[in-house]
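Beneath this line is the structure, given in structure tokens, with notes to follow.
The values are calculated or read from the model by the stated rules, or taken from the named source; none is laboratory data. Keep in mind that this is a model prediction, so the values were computed, not measured. Here the Cβ positions follow ideal geometry from the backbone for every residue, glycine too, while neighbour counts run over all protein chains shown. Ligands, DNA and RNA are excluded from the accessible area calculation, which covers all protein heavy atoms including side chains. Shrake-Rupley method; radii C 1.70, N 1.55, O 1.52, S 1.80 Å.
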Amino acid sequence: MTESHVSAMDLARSSVPHDGEALTAWLTTLVRNREYGTLAELRRARGGTNAHIRAGWYGGDEHRDLFERIAFLFAIYHQGRSAPSPGIGSLGEAARRIGDGTGRGPDNPGAQRLIARITGSRGIPWRHLQHAVTRLRSCDRPPPSWSELTADLIFWNDRQARIAYWWSVEFHTPPDQDRPVRSTPTKRKDTTS
């Protein structure tokens, strides 16, 4: 690691207590630069590797574990891929893309069950999120926006944000309608920092 690289990371860590966009930028750079060893470290679910620790830096002390787990999901999705995907939309919108020729999203019973398990969880449903990311990868569909997913999960237990509810609404919204407008954590000021 170069001295200027360390200085940039330290600056990023000190200026923002948590930054999903910076994490996404770092992760997409790993794919673009073909840093397969670091991505393989991130795919180790137990964490504790240098790569997990670096991912955690972007979350600050309060959200370190969450950022490490987002990096794990990112690495799972990008296994064997040469082009990075920053993702598109919320997890609810991404789940609409799960399926096959017989149906996608609300028209696919597997996708319906998966979104029901995710949105029915009180705690962050990491196992089901991993399943959703794996399904999107196997369907060759874009993942959710990693930075939006990070912001949503930071506010998972915030009753006013109602993340699970909005993911369900976005999953069931017909494709010809505009995305539902919600007061998302990405648009709200984080009061935890």
Take the residues in segment 44-63 that are surrounded by fewer than 17 Cβ atoms within 10 Å (Cβ to Cβ), within 24 Å of GLU148 (Cβ to Cβ) and of a type in the set (D, E, K, R); name whichever of them is modelled with the highest pLDDT. GLU62
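Do we have any residue at all in segment 98-105 that's under 27 Å from PRO174 (Cα atoms), touching a residue at least 40 places away in the same chain (Cβ under 8 Å) and in a helix (DSSP H, G or I)? So that I can check it myself, show each step before the final result.
So in segment 98-105, the residues under 27 Å from PRO174 (Cα atoms) come out as 98-105.
When the remaining residues are screened for being touching a residue at least 40 places away in the same chain (Cβ under 8 Å), the result is 98-99, 105.
Applying the additional criterion that residues be in a helix (DSSP H, G or I) yields 105.
Checked segment 98-105: at least one residue is under 27 Å from PRO174 (Cα atoms), touching a residue at least 40 places away in the same chain (Cβ under 8 Å) and in a helix (DSSP H, G or I).
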Cβ contacts < 6 Å: first residue farther than 26 Å from HIS131 by Cβ, restricted to segment 19-45; second residue open to solvent by less than 50 Å² (accessible area, probe 1.4 Å) and at pLDDT 95 or above, any location; separation 6+ or different chain. Result? ASP19/TYR58; ALA22/TYR58; ARG32/PRO84
Looking at GLU62, GLU68 in this structure, which one is touching a His at 6+ places or on another chain (Cβ under 8 Å), assigned to a loop (DSSP other than H, G, I, E, B), closer than 20 Å to TRP156 by Cβ and not aromatic (Phe, Trp, Tyr)? GLU62
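Are any of the residues in segment 88-106 open to solvent by less than 60 Å² (accessible area, probe 1.4 Å) and within 20 Å of ARG32 (Cβ to Cβ)? It would help to see each step written out before you state the result.
Within segment 88-106, the first condition is being open to solvent by less than 60 Å² (accessible area, probe 1.4 Å), and the residues that meet it are 89-99, 103, 105-106.
Restricting the remaining residues to those that are within 20 Å of ARG32 (Cβ to Cβ) gives none.
No.
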Starting from segment 140-168, take each residue that is more than 18 Å from ARG179 (Cα to Cα) and list its partners that are modelled with pLDDT under 95 and small (Gly, Ala, Ser), counting only C-beta distances under 6 angstrom and pairs at least six apart or across chains. THR150/GLY20; PHE155/ALA161
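So, in segment 136-193, how many residues would count as being at pLDDT below 90, open to solvent by 40 Å² or more (accessible area, probe 1.4 Å) and within 19 Å of GLY105 (Cα to Cα)?
In the first step, residues of segment 136-193 are kept if they are at pLDDT below 90; the result is 174-193.
Going one step further and asking which of them are open to solvent by 40 Å² or more (accessible area, probe 1.4 Å), we end up with 174-179, 181, 183, 186-189, 191-193.
Filter once more, keeping what is within 19 Å of GLY105 (Cα to Cα): 174-179.
So the answer is 6.
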